[in-house]
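A short worksheet on the structure shown next.
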Amino acid sequence: MSSLLADAAIVQKMASEPWPDDVCLYQPYKSNEVGTADSVQQVLLPDNAQCLAVQCYLQMCGLPFRTVLRTNAEHMSPSGKPPFLRAGPYVISEVDPIIKFVSTKGHSLSDKLDRPQQAEMKAYLALVQGTLGNAELYISWCDPTTASEISRPRYSSPYPWPLNTLLAYRKQWDVQNQLKALGWYSKTLEEVYDEVDNCCKALAQRLGNHHYFFKQGPTELDALVFGHLYTILTTPLTDNSLADIVKEYSNLINFCRHIEKKFFEERERGPKD
Amino acid sequence: MEGHERHEIVLDSKPVKVERVHVDGLGRTKDDIIVREVKDVLNSTSFEDVILRSHHAKTRLERLGIFKNVGIFIDTSKGPEADPNGLEVTFEVKELRPLTGTANTMVGNNEGSMVFGVRMPNIFGRAEKVVSEYSYSNKQRSSFAVTFMKPLHGNPDYSTPGGRLNISGWKTVRHFPWSSYREVDRGVASEITFPLLGQQTLRWEGVWRELGCLTRMASFAVREQAGHSLKSSLKHTYVVDSRDDPILPTKGAMFKLNQELAGIAGGDVKFLKEDVELQVNKELVWDTIVSCSLRGGIMKPLKGTSSRINDRFFLGGPTTLRGFDMHGIGPKSEGDFMGGEGFWAAGLHLYTPLPFRPGKGGFGELFRTHMFVTAGNLFQPNLEDMYNYRDHWARMASDVRWSYGVGVLFRLGRIARLELNYCIPGGARTGDKVSESVQLGVGVTFL
């Protein structure tokens, strides 16, 4: 309750202020990041998808921000999940609240959609977060091989022994409980792959041969889908089954390439921070 | 012995021999520790000696903390082979129950808590005990701890300085509203205490600390500290205490040195921390006591790490630097106190009995009035430039906070005291939380 009130107060207050210059997006360490030891390869498939979605959305809005990597990003985040945005005195975590925060500053990509389109977009957003998000969590933490070979070692990499083992198992236990509550834990790996395939099929049909999901231009749905699909395609796992499902849909691959080119590669040629 | 004829015997000159020592009522206690405590009685040479030595043995048995009560019976030897001067000494003991539960309230430094405990005295029969406690306080602090204590050979005492080994494990949840963070600690420790020029304690502890923000509005500097850390540290404590009472001393001095080296054998917290405490009490005329305390501490993060908020020093509060709120001075970030890597504090008290001495020799002795001056500061030491004393002095002397006032003290048992003071703070900097006028404090240690 108090956090709802606090949120309302924050929203009211921040609407009056423009986008600050010093906005930072905090996220966990990735592999091959400049200035980090190779051993710190912390970020996992589900978290990386969310981080990339937020980065993509901010790029689409043309808002300047700086990415800051912290090993404790997860614990710094008010909701306990990365990434989070620091804008002046405000700290906002996770994709949806960040999109809402950005819109209070007068930047919205879905304003140009009409009502039915907005409703459709919301349905697809829910589908993507619900299916791809949970599938990523399932594969990272419920598939024994992936959990033991990738997720636990990466999650525990910033911590000393014996805290590393302890925290990794605790995280696994937390995620498994979360998936149990959502009814995902009882699924088999095949069922999860089927869900992902169905979701991709729906997305591919909606996208068709366009650059974006809506003809008016990029929206948060494009950012979110890019975040998930690009992460699935580029993250090496114990086997490539998940990426192979996405690769079946050539228009989704083209969509990822286009967004990467337009919002990441072009920006990087500009002043980089 | 009733019904016997009366004889007049000169006790101290009559040679006697203690032939047997019985200990009745032993259950799970092992013989060797009892034999060690009572065998001295066999060396008695006169009847008076028997009484004295038996009494000492009784005291030692009681100090083991494993008996409810200990009684002594002395009788002449019986049986066909009995020596006419022979005596038999019988100790009747009643062992404590193997499992006891307790529930009580406790006062700490400005907080009150409920404590529920389970004790297993004498668990392995050699005066070892296991104490397990759960407490919950009005400051949202909760803790659970299990401690195994074992007296070391020849030092059976738990309460006064003596050798002992403690092994403990605990979990505590603490809230730090002045810094907007919450800390959950889970730790194990093993410590050995022994007398050597005072009392020495060596302790190793491994603590998993989990820090989180208390509210959404916590400052970013505190938010950056959130997460997990593991501290593996070696601590040494040295105490020399000649005071007649720890709460309302009238004479004597106390010196305490604490040092901690974190980062040995693992963990990601690395620092060296030293702090000292000195208190001198002197009686002037008419039961007036002047007491002077001095404390100081310094820490140095090691191996390129920076210090964490939960390892730094904090200052201020009704039991230390009076006239300021609990941990209410020093560097701040967006409203949260960040603590310092160095501190010093000094206090000067003039204790007097209550005016006109009501309840003299009785209830009135639980009270004192005092006038005090306290001063102190948190500072950032520059340990790169160790021998630049001028710089150290300048850092310590800048922004000194001080306060003075008068108040009434009330003794709460032998472990705590309550103070009601009227304080006038001075030297406060912007951002300090000043508590002017009346301030109430409860605590076990005092500046």
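For this structure, a couple of remarks:
Conditions tested, residue by residue: (1) modelled with pLDDT of 95 or more; (2) within 15 Å of the chain's Cα centre (by Cα); (3) more than 10 Å from every other protein chain (Cβ to nearest Cβ).
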| residue | (1), (2), (3) |
| --- | --- |
| B:Pro195 | no, no, yes |
| B:Gln199 | no, yes, yes |
| B:Gly212 | no, no, no |
| B:Met217 | no, no, no |
| B:Phe220 | no, no, no |
| B:Gly227 | no, no, no |
| B:Asp241 | no, yes, yes |
| B:Asp245 | no, yes, yes |
| B:Lys251 | no, no, yes |
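- Annotation: B:Arg203 fulfils all but one of (1) among the basic types (Lys, Arg); (2) under 25 Å from B:Pro301 (Cβ atoms); (3) at the interface with chain A (Cβ under 10 Å from one of its Cβ atoms); the unmet one is (3).
- Matching residues, the range B:120-135, being in a strand (DSSP E or B) and closer than 13 Å to B:Thr100 by Cβ: B:Met120, B:Pro121, B:Lys129, B:Val130, B:Val131, B:Ser132, B:Glu133
- Matching entry among A:Tyr169, A:Tyr155 (being within 14 Å of chain B (Cβ to nearest Cβ), closer than 18 Å to A:Arg70 by Cα and assigned to a helix (DSSP H, G or I)): A:Tyr155
- For B:Asn382, the stated conditions do not hold, so it cannot be described as in contact with an Asp or Glu (Cβ under 8 Å, 6 or more places away or on another chain) and part of a strand (DSSP E or B).
- Filtered by the rule that a residue be surrounded by 14 or more Cβ atoms within 10 Å (Cβ to Cβ), in contact with a Pro (Cβ under 9 Å, 6 or more places away or on another chain) and of a type outside the set (Ser, Thr, Tyr), the range B:340-373 gives B:Gly340, B:Glu341, B:Gly342, B:Gly364, B:Glu365, B:Phe367, B:Arg368.
- So A:Tyr193, is it assigned to a loop (DSSP other than H, G, I, E, B), surrounded by 14 or more Cβ atoms within 10 Å (Cβ to Cβ), without any contact (Cβ under 8 Å) to a residue 60 or more places away in the chain and touching a Ser or Thr at 6+ places or on another chain (Cβ under 8 Å): no
- Test for A:Leu229: is it under 26 Å from A:Cys142 (Cα atoms), outside any loop (DSSP other than H, G, I, E, B), more than 15 Å from the chain's Cα centre (by Cα) and in contact (Cβ under 8 Å) with a residue 24 or more places away in the chain: no
- Within the range A:240-251, the set of residues being in contact (Cβ under 8 Å) with a residue 40 or more places away in the chain and closer than 19 Å to A:Pro46 by Cβ comprises A:Ser241, A:Leu242, A:Ile245, A:Val246.
The values are calculated or read from the model by the stated rules, or taken from the named source; none is laboratory data. Quick caveat, the model's predicted, so the values are computed rather than measured. Virtual Cβ from ideal backbone geometry, glycine too; neighbours counted across all protein chains shown.
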